[in-house]
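**Student:** Handing you this structure, nothing more for now.
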Amino acid sequence: MTDADLLLFLGLDPARLDPALPWTPCGGAAIERLRGRRPCVRCGWPSTVAGAVDIPGHGRRWVDRCMPCLTATTPRGEARAPLEHTLAAVTGAAREADAKITIVTDGT
Ligand SMILES: [Zn+2]
């Protein structure tokens with residue numbers, strides 16, 4: 001799998017990835033990167049792997065991953081919509097479908 005294939009598989013835009021430091025023989029930059037680990041979007045635990053990809057036109061970029069979940073913990077896509085917008089879309093769709101729904105949130 002090439003770096004470009006990896007990014008495509010994980011749904012990552014290379015322009016949104018943090019620039020990575022140059023490769024070092026002992027992986028010191030990756031170890032340092034793991035100190036600021038991001039939570040996994042699936043399990044919530046911090047990323048367990050910090051790797052760099054080298055994409056033409058973008059240079060070396062960090063790709064942080066959670067190996068147990070096989071997912072990227074690197075930000076992807078656009079910013080999430082506010083919760084109020086999501087709830088309005090869900091309730092609107094339920095109204096159109098003439099479906100009765102109950103939405104429970106934790107208030108965050
Ligand atoms: Zn995970």
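**Student:** Of Arg37, Arg33, which residue is assigned to a loop (DSSP other than H, G, I, E, B), touching a strand residue (DSSP E or B) at 6+ places or on another chain (Cβ under 8 Å) and surrounded by 16 or more Cβ atoms within 10 Å (Cβ to Cβ)?
**Tutor:** Arg37
**Student:** Pick from region 57-77 the residues that are outside any loop (DSSP other than H, G, I, E, B) and open to solvent by 50 Å² or more (accessible area, probe 1.4 Å): which of them is modelled with the lowest pLDDT?
**Tutor:** Looking at the filtered set, the residue picked out is Arg65.
**Student:** May I pose another question? Do you know which of the residues in region 1-30 that are part of a loop (DSSP other than H, G, I, E, B) and in contact (Cβ under 8 Å) with a residue 60 or more places away in the chain is most open to solvent (accessible area, probe 1.4 Å)?
**Tutor:** If we take residues in region 1-30 being part of a loop (DSSP other than H, G, I, E, B) and in contact (Cβ under 8 Å) with a residue 60 or more places away in the chain, then Asp13 is most open to solvent (accessible area, probe 1.4 Å).
**Student:** Mind checking which residues of region 40-56 are touching a residue at least 24 places away in the same chain (Cβ under 8 Å) and either within 14 Å of the ligand (Cβ to nearest atom) or part of a loop (DSSP other than H, G, I, E, B) (or both)?
**Tutor:** Once the filter is applied, which keeps residues that are touching a residue at least 24 places away in the same chain (Cβ under 8 Å) and either within 14 Å of the ligand (Cβ to nearest atom) or part of a loop (DSSP other than H, G, I, E, B) (or both), region 40-56 yields Cys40, Val41, Arg42, Cys43, Pro46, Ser47.
**Student:** Arg80 - would you say it is more than 18 Å from Pro14 (Cα to Cα), at pLDDT below 80 and basic (Lys, Arg)?
**Tutor:** So Arg80 passes the test.
**Student:** Go through region 87-108 and report how many residues are in a helix (DSSP H, G or I), modelled with pLDDT under 85 and open to solvent by 70 Å² or more (accessible area, probe 1.4 Å).
**Tutor:** 0
The values are calculated or read from the model by the stated rules, or taken from the named source; none is laboratory data. What you see is a predicted model; the values in this text were computed from it and never measured. Backbone-built Cβ (ideal geometry, glycine too); neighbour counts: all protein chains shown. Note: areas computed on protein heavy atoms with side chains; ligands, DNA, RNA excluded. Shrake-Rupley method; radii C 1.70, N 1.55, O 1.52, S 1.80 Å.
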